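Beneath this line is the structure, given in C-alpha cells, with notes to follow.
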Amino acid sequence: MSNAQIEIQLIAALVAIACALPGTFLVLRKMAMISDAISHSILPGIVLGFFLTQDLNSPWLILLAALSGVLTVFIVEQIQKTGLVKEDTAIGLVFPAFFSVGVLLIAQHANDVHLDIDAVLLGELAFAPFDRLYWGDMDLGPKSLWVISTILLGTLVLLITFFKELKLSTFDKGLATSLGFSPVLIHYGLMSMSSVTVVGAFDAVGAVLVVALIIAPAAAAYLLTDSLKTMLVLSSIFGVVAAVAGYWVAYALDASIAGSITTVLGLLFFLVYLFAPKRGVISVIYKEKRQSIEVSLLTFLLHLQNHSQEEERHVNHLQEHINWQRVRSKSVLDLALKNNLIQIDNQVVFLTPKGQEFTDEALRYITTNKETAIEELKDRFFLFRG
Amino acid sequence: MELQDFFTNYTLRTITLGTALLGGICGMLGSFAVLRKQSLLGDAISHAALPGIALAFLITGVKDSNLLLVGALVSGLIGTFWIKGIVKRTRLKSDTALGLVLSLFFGFGMLLLTFIQKLPNANQAGLDKYLFGQAATLVEKDVWVMAIVTGVSLIVLLLFWKELKLLLFDAEYTKTLGFNTRFLDILITAFIVLAIVLGLQTVGVVLMSAMLLAPAAAARQWTNKLSTMVGLAALFGAFAGVFGTAISASSNNLSTGPVIVLVAAAFVLLSFVFSPGRGLLFREIRFQRNRNTLKEKKTLAFMHQIAQTHEDISHPHAIRILNNFQGFTRRTLKKLEEQGLIQIEGQMWSMTPQGYEEAETMYSPNTPEHE
C-alpha cells in the first residue's frame, strides 16, 4: 500500500465516522432528509465565500457554507410554521432554490475556477492526497485529513459534553423542555454540527456520498440495536468498513471511490435490511406469517367450541365452513395437532381438554382486552410454533 | 432575444415547448405527490433513476434517449417500491427510507458511470447531462415523447379521477368501498416516476424535485378544490417553463434548469404571500382585524361593568375613567359609536340600550355568536 492509498482510506474512514455520529441523531429524529437538503444548499455559501476570499481553501468557505446550511434549516422551519405546506414540501422547495442560486452564481462568475458543480456534487477522494498542508517546508499531510480530523474532534467533544441533553431531547422532547433544556438550542446545535460535517466531508467525497454516509450506517445500526450508544458505535463501524472496502472496490474497478463506498454501504444496509435478527424483513415476514397462523388457529378453535354438530367439524368440510384455502387449513390443523390442542377421530375434529382450556383462556383475554397476556399464554400452551 | 424568436428560432421553440410541457405534467402529477405527503419522493426518485440510465447504456451499448428513459423508469420504480418496503417492514421512517434510496442508488449510479467512462466504447459522452440537465439538448423527438406522456397521464387522470380523489383524501374508505387501492397507488406512483424521469434530461436530478413540488405548492394556496388545484399547478408549471426559458435565453451563462426552478419558487413565494384565502398578507390583515374587534369588545365589556353600577344605563361617564383600561383608542370608540353601541358627547360617553344588550350577551355561551 502506498502512502497515498493509506491517506485516502484514512480520510474516508474519518469522514465516515464524522458523518455517522450526527447521522444517528438525524435518523432517530426523523430528519434524515435534512442532510440531503443541507448537502445541496451549502453551494451558494461556498460560491459566495469564494467570491469574498478568492481562495478555495479559506476557512471562510466552510463557515459560510455551514451558515447557508443552517439558514436552509431555519427557512424550512419558518415556512413550516406558516402552516401553508407540510415540512417535507418545505424542504423540497427550499434546497433546490438554494442550489439553483449556487449553480447560477458559478455559471455567471466562477467559470474559470476549478469550482465546478460536478466536483461539488460528486467529489473526488482520489485527489485528496495531492492537496497538502505545509508548515514551512515540512509536509503535514493532506489538507482534507486535517479538516476532517478537526471536525470529527469537534463533533466528539460536543457529543460527549451534551450527550445527555441530545439523548433526552431526541427521545422525549417534552420532558427535555420541561427539565429546562432548550430543544431549539439543541436542534440548531445539531444542525450546525451537521452542516459543518457536510461541508468538511463533501469536499472529499461529494454531496451525495455525504448523505449516504450520514443515513445508511445509522439506518442499518437502528435495525440492530435499541441502545443509543451501541447505535453510535455500530454506525461508525459500518461507515469505516464501507469506506475501506469501498476504496478497494474502486481500486479494482478503476471507478469512482465515492460511488463504490456508497455501493458497499448499500450492500451492507441491504444485508441488514434482510437479515437483521429482530427487525430485518425476513424475520418480520416470518413473524407476520406466524401471527396470522396463530390468529387462524384461534379462530378455528373458537369455531370448534361454538359448534357441536359433527358436520361443522368434519375435516373435509372445514374449508367451506371457515372459508380458508386448503393450504391454510392444513397448516392450522397441523399446528393444532402438534400442540395437542385437538384430536381427530374419524375425520371429525374434537378439542382436547388442553385445547378447551386454551380456548377458554384466550377468549377471556380477548374479551377483557389484555393484549400483553396473550404472548405469555401462547408460551405456556405451545410447544411448537407454526 | 425578441418575442418572435419563440416562433422562428427552432431551438428556442423546441426548448420552450419542452419545458412548458414538462412544467405542465409536473404540476399536474406533483399535486398528487404533495397531497399524498410524498413531496420528497421526487427528489429520491430522480436520484434513483441514475443507475437505470447507466445500466441501460451498459446493456444496450447505445445512447438512445428513449431506451435510457426506460432504464431510468425501471430503476426509479424499483427505488420507489423499496422505499415503500422499508417503511412498511422496518421501523425506519419514510425520511430515512427516502434518503437511503436516494443516496445509495445515486452512488451506485456514479460507480457505473465512472466505470462506463473507462470503457473503450467512448460513446458515453452526454450521460452526465442527466445529472445537471441541459434543456438545450432537447430535440423535437423529446418534445413529442413529453407530449404523448402528458396526454396519456391526462387521460388516465380523467379516467380514474373519482377514485384517485377518494384515495387522496380517505384511503381507508376507498378500500372499504371495494376499490383496488393498491392498483391506484401503483398507477399514480408510476406516472409520477414517469414525469420525473422525463424531466431529468431537462432540469437535472437535483432540480427535479422542485419542478414537481413548486407548482403544486403554489396552486394549493389558491384553492381547496382538487380539480382547480391540478389545473392551476399545470398552468403554473407551464408558465415557469416558458418564463424560465425566456429569461435564460435572454442572457448568457444562465442555465435553463435553475432559472425555471427559481421562477417556480417565485410563484410559490407570491402565492404564500398574496393568495386571498391562505396567504400570509391577508391572514395578517385578518388577524389585525380580529384583534381590533377583540379590543372593541373588551372596551365594551368594561363599559358594561361601569354602566351596571348605575340605574340608568345611558348615564354619561367621562372618557377619562376608561384610562386605567388600555384597550381603547379614539378610533375604536368612534367605531363603537358608529355601530350604535355607545354615544359620545364631548369628553363623555354613555351606553345605548343596544350596546348594553350586546355586552350582556357577549360572554354568554348560549347565544348564537355572530361572526
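Summary table below
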{"quantity": "Cross-link partners of A:LYS338 among lysines (Cα-Cα below 25 Å; sequence separation of 8 or more within a chain)", "calculated": "A:LYS287, A:LYS289, A:LYS330, A:LYS354, A:LYS378"}
{"quantity": "Under 14 Å, Cβ to Cβ, from A:LYS278 - net charge with Lys/Arg +1 and Asp/Glu -1", "calculated": "+3"}
{"quantity": "Residue-wise HN-Hα coupling along segment A:247-262, computed from phi with Karplus coefficients 6.51, -1.76, 1.60 (Hz; x: Gly, Pro)", "calculated": "4, 6, 4, 4, 4, 5, 8, 6, 10, 4, 5, 4, x, 6, 4, 4"}
{"quantity": "Spin-label pair A:GLN347/A:GLN5, simplified geometry with 7 Å Cα→Cβ offset, distance in nm", "calculated": "7.3 nm"}
{"quantity": "Listed residues B:THR202, B:THR176, B:THR150, most fluctuating in chain B (Gaussian network, C-alpha, under 10 Å)", "calculated": "B:THR176"}
{"quantity": "Under 5 Å, built H, 5+ apart or other chain: amide partners of A:ASP131", "calculated": "A:LYS143"}
{"quantity": "Surface accessible to a 1.4 Å probe, B:SER255 within the full protein complex, Å²", "calculated": "50 Å²"}
{"quantity": "Exposure ranking of B:PHE105, A:PHE51 by accessible area [1.4 Å probe, largest first]", "calculated": "A:PHE51, B:PHE105"}
{"quantity": "Mean Cβ count within 10 Å, highest first, over the residues of peptides A:142-148, B:237-243", "calculated": "B:237-243, A:142-148"}
{"quantity": "Under the Karplus curve 6.51 cos²θ - 1.76 cosθ + 1.60, θ = phi - 60°, whole-Hz ³J(HN,Hα) for segment A:271-277, x wherever Gly or Pro sits", "calculated": "4, 4, 4, 7, 10, 3, x"}
{"quantity": "B:GLU338 - accessible surface, heavy atoms, 1.4 Å probe, Å² rounded to 10", "calculated": "140 Å²"}
{"quantity": "For residues of A:219-229, the mean tally of beta carbons on other chains within 10 Å", "calculated": "2"}
{"quantity": "Qualifying lysines (Cα of each under 27 Å from Cα of A:LYS86; at least 8 residues distant if same chain)", "calculated": "A:LYS30, A:LYS167, A:LYS173, B:LYS37, B:LYS84, B:LYS88, B:LYS93, B:LYS162, B:LYS165, B:LYS175, B:LYS225"}
{"quantity": "Cα-centred dipole magnitude for chain A, charges only on beta-carbon of K, R (+1) and D, E (-1), debye, nearest 20", "calculated": "980 debye"}
{"quantity": "Per-residue mean of C-beta atoms belonging to partner chains within 10 Å, peptide A:25-34", "calculated": "5"}
{"quantity": "Heavy-atom SASA rank of B:GLU360, A:GLU77 (probe 1.4 Å, accessible area, largest first)", "calculated": "B:GLU360, A:GLU77"}
{"quantity": "Chain B: angle of helix B:226-249 to the longest principal axis, Cα-based, in degrees nearest 10", "calculated": "60 degrees"}
{"quantity": "Accessible-area ranking of A:HIS314, B:HIS304, B:HIS47, B:HIS315, largest first, probe 1.4 Å", "calculated": "B:HIS315, A:HIS314, B:HIS304, B:HIS47"}
{"quantity": "Helix axis angle, A:143-161 relative to chain A longest principal axis, alpha carbon, degrees", "calculated": "50 degrees"}
{"quantity": "For segment B:6-96: accessible area per residue (Å², 1.4 Å)", "calculated": "33 Å²"}
{"quantity": "Cα-based reach from B:LYS63 at 27 Å (exclusive), listing lysines while leaving out same-chain residues under 8 positions away", "calculated": "B:LYS118, B:LYS129, B:LYS141"}
{"quantity": "Area accessible to solvent at A:ASP226, 1.4 Å probe radius, in Å²", "calculated": "110 Å²"}
{"quantity": "Other-chain or far-sequence residues with amide H under 5 Å of B:ILE342's (modelled H)", "calculated": "B:GLU337, B:THR352"}
{"quantity": "Surrounding net charge for B:GLY18, when Lys and Arg each add one and Asp and Glu each subtract one, Cβ distance under 11 Å", "calculated": "0"}
{"quantity": "B versus A: buried accessible surface, summed, Å² (probe 1.4 Å, to nearest 100)", "calculated": "4900 Å²"}
{"quantity": "Top positive-direction residue, dipole computed over segment B:1-159 with Cβ charges, set B:ALA136, B:GLY107, B:THR8", "calculated": "B:GLY107"}
{"quantity": "For B:MET348, residues with placed amide H under 5 Å, excluding near neighbours", "calculated": "B:ILE319"}
{"quantity": "Overall form of the protein assembly as shown per C-alpha gyration tensor (a/c, 1.5; a/b vs b/c)", "calculated": "oblate"}
{"quantity": "Number of partner chain Cβ atoms within 10 Å, mean per residue of B:207-216", "calculated": "4"}
{"quantity": "Sulfur and carbon atoms: percent of accessible area, the protein assembly as shown [1.4 Å]", "calculated": "63 percent"}
{"quantity": "Whole-Hz ³J(HN,Hα) from phi, Karplus 6.51 cos²θ - 1.76 cosθ + 1.60, for segment A:351-358, glycine and proline x", "calculated": "7, 6, x, 4, x, 4, 5, 4"}
{"quantity": "Local electrostatic count, A:ALA250, Cβ distance below 12 Å [Lys/Arg +1, Asp/Glu -1]", "calculated": "-1"}
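The values are calculated or read from the model by the stated rules, or taken from the named source; none is laboratory data. Everything numeric here is computed off the predicted structure, so don't read it as measured data. Please note: Cβ atoms are built from the backbone with ideal geometry, for glycine as well, and neighbour counts cover all protein chains shown. When the accessible area is computed, the model is the full protein with side chains, heavy atoms only, and any ligands, DNA or RNA have been set aside. Shrake-Rupley method; radii C 1.70, N 1.55, O 1.52, S 1.80 Å.
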